[in-house]
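As structure tokens, the structure follows; a few thoughts come after it.
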Amino acid sequence: PTNNIARIEVVRGPGSALYGANAMLAVVNIITKRAAEAAGIRASAGTEWDRRNNVANRYDLLLGGEARGWKAVANVQFVNGQGPHLPVDADALGYAGNADARERYVEVQSAVENGGWRVSGRYFGREAGDYYGVFGVLNGRSNQEVRCGNLDVRFRAPLGPEAGLTLHAYGDHQDTDNRYVLLPAGSIPSWHPLYAWNGTGVIGETLARDLTGGA
């Protein structure tokens with residue numbers, strides 16, 4: 001959420017040696033606010049409309065404060081909506097309808113600091129439609145899901161005027177489960193070799209799970 005951004009840094013030029021293969025042109029680092037920058041409670045709500053329907057409703061809560069050596073900040077955002085009205089005159093099967101642009105997600109970010117310790121984490125969960133379908137066939141029964149989170153623990157201690165100690169451990173998890181109705185039931189002609197699937201159509205599911213940790 002934009003109200004939780006302290007600053008944005010852009011490092012131009014290739015950075016794949018440090019940040020991975022996708023950092024071909026530049027690295028964009030979005031730095032969120034710390035407790036002092038987000039002191040107090042800020043809440044906001046908004047809605048978006050197009051000519052036909054409600055596109056999305058957004059709710060955001062930002063908390064921050066300091067007490068007895070503890071510093072904490074947390075940000076919660078929830079978005080829910082049907083997406084823009086995207087009419088389709090004829091899909092790949094010749095049927096008219098609307099693209100499935102619905103989207104719903106929740107995001108939670110938090111960080112706690114005390115002395116040399118800092119613990120931060122983030123959770124993101126999203127469900128959405130598949131717009132025009134993988135095969136360009138409208139159906140409204142596909143569903144894309146992704147859930148990811150990470151936890152970062154750091155400890156820093158000075159060992160003298162020119163030396164220090166840093167301990168760092170982290171974990172990152174991502175779980176993706178996408179269900180696509182590639183062809184709806186009854187769309188396969190009786191003479192087609194896939195006719196045996198005609199009762200259910202053709203359904204595809206992609207599953208991916210990744211867990212990374214280090215210290």
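Worth a mention:
- Hydrodynamic radius of the range 130-177 per Kirkwood, over alpha carbon pairs, in Å: 15.1
- The chain, helix-only ellipticity at 222 nm - DSSP H runs n ≥ 4, -39,500 (n - 2.57), divided by all residues, nearest 500: -500 deg cm²/dmol
- Sequence-separation-based contact order of the range 58-130, relative, with Cα cut under 8 Å and 6+ spacing, percent: 29
- Per-residue accessible area (protein heavy atoms, 1.4 Å probe) orders Leu211, Leu183, Leu61 as Leu211, Leu61, Leu183, starting from the largest.
- Over the range 1-156: Kirkwood hydrodynamic radius from C-alpha pairwise inverse distances, Å: 18.7
- For the peptides 159-170, 41-52, 66-77, 138-149, the ranking by packing is 138-149, 66-77, 41-52, 159-170, with the highest mean count of neighbouring Cβ atoms within 10 Å listed first.
- Relative contact order for the range 1-117, counting Cα pairs under 8 Å that sit 6 or more residues apart, in percent: 19
- Pairs of Cα atoms nearer than 8 Å and 6+ residues apart set the relative contact order; for the range 147-186 it is 42 percent.
- For the range 6-68, radius of gyration divided by Kirkwood radius, i.e. Rg to Rh on alpha-carbons: 1.19
- Computed log10 I(q)/I(0) for the range 85-215 at 0.16, 0.18, 0.20, 0.22 Å⁻¹: -0.88, -1.00, -1.11, -1.21, from the Debye equation with unit scatterers placed on every C-alpha and solvent omitted.
- Debye log10 I(q)/I(0) for the range 158-215, one point scatterer per Cα, at q = 0.12, 0.16 Å⁻¹: -0.56, -0.70
- Karplus-derived 3J(HN,Hα) values for the range 30-36, using 6.51 cos²θ - 1.76 cosθ + 1.60 with θ = phi - 60°, are 9, 9, 7, 6, 8, 4, 5 Hz; glycine and proline are entered as x.
- The range 180-193 - phi-based ³J(HN,Hα) in whole Hz, Karplus 6.51/-1.76/1.60, Gly and Pro as x: 10, 8, 5, 9, x, 4, x, 8, 8, x, 5, 8, 7, x
The values are calculated or read from the model by the stated rules, or taken from the named source; none is laboratory data. Remember, predicted model here, so these are calculated numbers, not experimental data. As a convention, Cβ positions derive from the backbone with ideal geometry for all residues, glycine included, and neighbour counts pool all protein chains shown. These area figures cover heavy atoms from the full protein model, side chains too; ligands, DNA and RNA do not enter into them. Shrake-Rupley method; radii C 1.70, N 1.55, O 1.52, S 1.80 Å.
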